[in-house]
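These notes are about the structure you will find just below.
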Amino acid sequence: MSDPELTSGDFTSAEEPFRLFAAWLEDATRSEINDPNGVALATVDHEGMPNVRMVLLKGFDESGFVFYTNFESAKGREILGSRKAAMCFHWKSLRRQVRIRGPVEIVSDAEADAYFASRPRGSRIGAWASKQSRPLESRFALEKAVAEYTARHPIGEIPRPPYWSGFRIVPRSIEFWHDRPFRLHDRLVFSRTGEGAWEKERLYP
């Protein structure tokens with residue numbers, strides 16, 4: 001059950017961001033029709049050109065926010081090149097947003113293996129079959145690759161591809177936004193440098 005203090009209009013009394021985020025995500029799991037853990041992920045390429053796409057948050061704690069991908073995809077290459085990223089959750093049913101920015105680290109092999117093993121078998125096959133973000137000549141070529149990898153792994157465990165793992169955004173700032181009438185929204189941002197304590201401040205809408 002969510003903490004009423006953190007999900008009411010007085011959420012700005014929160015003293016640290018992770019408990020507040022957990023409460024808001026719990027609310028979203030009840031109110032959003034699809035994928036309450038869906039989040040827009042922003043990166044930049046080697047020329048500084050921004051890129052954004054939706055991914056699924058697969059875990060979070062005080063060390064950061066985790067998602068998984070093919071490291072040879074566009075987002076994988078861009079993150080490995082800059083080691084920085086940003087996220088924005090938008091829960092329309094709740095009229096709330098959360099924005100996260102910070103450096104990025106790679107999760108441990110143990111974390112990646114455990115998550116990969118938890119995925120549906122078809123998704124694990126797909127991770128091998130898809131050359132993510134690269135040109136695809138036809139749908140048939142993808143389906144053929146899926147069939148080939150399915151034949152290679154008819155039974156038993158499917159190993160994690162060496163190019164597939166997880167990223168963790170280690171937040172330097174986390175901003176909570178709540179819609180208010182006449183666009184006089186509530187905005188609360190938590191910031192820190194290094195391993196220091198979180199500092200918070202309210203922002204004009």
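Among the residues of segment 87-103, write down those that are surrounded by 19 or more Cβ atoms within 10 Å (Cβ to Cβ) and among the hydrophobic types (A, V, I, L, M, F, W, C). Matches in segment 87-103: 87, 89, 98, 100. Here residue 147 clears all of (1) in contact (Cβ under 8 Å) with a residue 12 or more places away in the chain; (2) surrounded by 10 or more Cβ atoms within 10 Å (Cβ to Cβ); (3) not hydroxyl-bearing (Ser, Thr, Tyr) except the condition numbered (1).
Please determine, by comparing only the residues of segment 183-192 that are of a type in the set (D, E, K, R) and either surrounded by 17 or more Cβ atoms within 10 Å (Cβ to Cβ) or in contact with a strand residue (DSSP E or B) (Cβ under 8 Å, 6 or more places away or on another chain) (or both), which one is farthest from residue 118 (Cα to Cα). Give the derivation first.
Restricting attention to segment 183-192, the residues satisfying the condition of being of a type in the set (D, E, K, R) are 183, 186-187, 192.
This time we only want the ones that are either surrounded by 17 or more Cβ atoms within 10 Å (Cβ to Cβ) or in contact with a strand residue (DSSP E or B) (Cβ under 8 Å, 6 or more places away or on another chain) (or both), so: 186-187, 192.
Details: 186: 38, 187: 36, 192: 34 Å.
The qualifying residue farthest from residue 118 (Cα to Cα) is 186.
The criterion of at least 1 residues that are modelled with pLDDT under 95 and more than 12 Å from the chain's Cα centre (by Cα) is met by the following helices (runs of 4 or more DSSP H) wholly inside segment 1-93: 4-7. Scan (1) within 30 Å of residue 16 (Cβ to Cβ); (2) surrounded by 14 or more Cβ atoms within 10 Å (Cβ to Cβ) for the single condition residue 180 breaks and write down its number. With (1) within 30 Å of residue 16 (Cβ to Cβ); (2) surrounded by 14 or more Cβ atoms within 10 Å (Cβ to Cβ) applied to residue 180, the lone miss is (2). Could you check, for segment 154-170, whether at least one of its residues is outside any strand (DSSP E or B), surrounded by 15 or more Cβ atoms within 10 Å (Cβ to Cβ), in contact with a Phe, Trp or Tyr (Cβ under 9 Å, 6 or more places away or on another chain) and small (Gly, Ala, Ser)? No: zero hits. Restricting attention to segment 113-154, the residues being aliphatic (A, V, I, L, M), under 14 Å from residue 70 (Cα atoms) and over 20 Å from the mean Cα position of the chain (by Cα) number 2. Within segment 171-188, being within 19 Å of the chain's Cα centre (by Cα) and either farther than 23 Å from residue 78 by Cα or assigned to a loop (DSSP other than H, G, I, E, B) (or both) holds for 171, 172, 175, 176, 177.
The values are calculated or read from the model by the stated rules, or taken from the named source; none is laboratory data. The structure displayed is predicted, hence computed values, not measured ones. Neighbour counts run over all protein chains shown; Cβ positions are idealised from the backbone, glycine included.
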